[in-house]
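Q: Before we start, here is the structure in question, set down as structure tokens.
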Amino acid sequence: MAARIIDGKAIAAQMRAELKAEVERLKAKAIVPGLAVVLVGDDPASKSYVTAKERACEEIGIYSDDNRLPAETTQEELMALVAKLNADPRINGILVQLPLPKHLDEGAVLLAIDPAKDVDGFHPVNVGKMVVGEEAFLPCTPHGIIQLLVRSGVKTDGAEVVVVGRSNIVGKPIANMLIQKSPTGNATVTVCHTRTRDLAAHVRRADIVIAAAGRPGTVTADMVKEGAVVIDVGVNRVEDATKKSGYRLVGDVDFEAVAEKASLITPVPGGVGPMTITMLLYNTIESAKRAHT
């Protein structure tokens, strides 16, 4: 069996077209969704990611408020900016790009964001609401995974799901979303991690495998049953002398071998990645709608 590729770029493009139409409907009612992005310092990866977010906002018509601060910004200055954005009615979503410089307290900054503008879904209020099944802003990468599954026709109801990785950003929230009593949940979920005794034995049971370990080659073909759906969240650099950059990007899954056994699989790059910013836009639009109801 050769797996069908879940094309994250195509699904993200489809969703962005839907979101653009939604923004146009809101603008007809004089509602303009606004996203504030805060970048402290000049980390190249963070700068690239922030620029991509700003382009995405422009693409679908969201107002983008760009706040770039020097690396020596103090905690007090950053907290004052967050307070200002909390009070600004033009801003529906606040995203503080992580990681912050080491002298800044990330936890305190995230706590200071108004939960109603926490479009990253990291504030404890939103995390708590997600856990108990109340309406909340869902973390963007796990929410993107749900959309990939739904829009690829994958049924989660009653499915055996194995999540490899227990991070607060992906592993824990996706496990929680999939166990919810909901049309996109109702799965039986096992979470594996670095202290799991026999990873392969757990993964072999899975109808859906979500690999979010942050280590290349974590999931190999002998660990995956025939016809499983495999979602690869990992983004890892490995040396490759044939590339101009000297490296290439791979996921946590041995893609070529696993694709021979899986029914559906996400590539890296081009799978989960494009969905993260798309779901950030989705949350910002939802925040704007809630602010005007």
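Q: Which numbered condition trips up ALA45, out of (1) closer than 22 Å to LEU111 by Cβ; (2) surrounded by fewer than 14 Cβ atoms within 10 Å (Cβ to Cβ)?
A: (1)
Q: Give me the residue from the stretch 176-198 that is among the hydrophobic types (A, V, I, L, M, F, W, C) and part of a strand (DSSP E or B) and, out of that set, farthest from VAL127 (Cα to Cα).
A: By that ranking, first place goes to CYS192.
Matching residues to (1) part of a loop (DSSP other than H, G, I, E, B); (2) touching a strand residue (DSSP E or B) at 6+ places or on another chain (Cβ under 8 Å); (3) crowded, with 22+ Cβ neighbours inside 10 Å; (4) at pLDDT 95 or above:
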{"site": "ALA200", "(1), (2), (3), (4)": "no, no, no, yes"}
{"site": "LYS225", "(1), (2), (3), (4)": "yes, no, no, yes"}
{"site": "VAL230", "(1), (2), (3), (4)": "no, yes, yes, yes"}
{"site": "ARG237", "(1), (2), (3), (4)": "no, yes, no, no"}
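Q: For the list (1) under 22 Å from LYS155 (Cβ atoms); (2) free of Cβ contacts under 8 Å to residues at least 60 places away in the same chain; (3) surrounded by 14 or more Cβ atoms within 10 Å (Cβ to Cβ), I need the number of the one condition that SER182 fails.
A: Only one criterion in (1) under 22 Å from LYS155 (Cβ atoms); (2) free of Cβ contacts under 8 Å to residues at least 60 places away in the same chain; (3) surrounded by 14 or more Cβ atoms within 10 Å (Cβ to Cβ) is unmet by SER182, namely (3).
Q: Moving to a separate point now. Out of the residues in the stretch 14-30 that are at negative phi and without any contact (Cβ under 8 Å) to a residue 24 or more places away in the chain, state the one that is surrounded by the fewest Cβ atoms within 10 Å (Cβ to Cβ).
A: Among those residues, the one meeting the criterion is ALA28.
Q: Here are the criteria: (1) at positive phi; (2) in a helix (DSSP H, G or I). Tell me which single one LEU148 does not satisfy.
A: That leaves (1) as the condition not met.
Q: Looking only at the stretch 50-77, which residues are touching an Asp or Glu at 6+ places or on another chain (Cβ under 9 Å) and either closer than 23 Å to ARG16 by Cβ or open to solvent by less than 30 Å² (accessible area, probe 1.4 Å) (or both)?
A: Matches in the stretch 50-77: VAL50, GLU54, ILE60, GLY61, SER64, ASP65, ASP66.
Q: Name the residues in the stretch 1-10 that are within 21 Å of the chain's Cα centre (by Cα) and either polar (S, T, N, Q) or open to solvent by 20 Å² or more (accessible area, probe 1.4 Å) (or both), would you?
A: Listed by number, the residues that qualify are ILE5, ASP7, LYS9, ALA10.
Q: Considering only the stretch 139-149, I want to know if a residue exists there that is out of contact with any helix residue (DSSP H, G or I) (no Cβ under 8 Å at 6 or more places or on another chain) and open to solvent by 10 Å² or more (accessible area, probe 1.4 Å).
A: Scanning the stretch 139-149 turns up no residue that is out of contact with any helix residue (DSSP H, G or I) (no Cβ under 8 Å at 6 or more places or on another chain) and open to solvent by 10 Å² or more (accessible area, probe 1.4 Å).
Q: Can you find, within the stretch 24-75, the residue that is modelled with the highest pLDDT among those that are among the polar types (S, T, N, Q) and under 19 Å from the mean Cα position of the chain (by Cα)?
A: That would be THR51.
The values are calculated or read from the model by the stated rules, or taken from the named source; none is laboratory data. From a predicted model like this one, the values you see are computed outputs, not experimental measurements. All Cβ positions, glycine included, derive from the backbone under ideal geometry; neighbour counts span all protein chains shown. Side chains included, ligands, DNA and RNA excluded: accessible areas come from the protein's heavy atoms. Shrake-Rupley method; radii C 1.70, N 1.55, O 1.52, S 1.80 Å.
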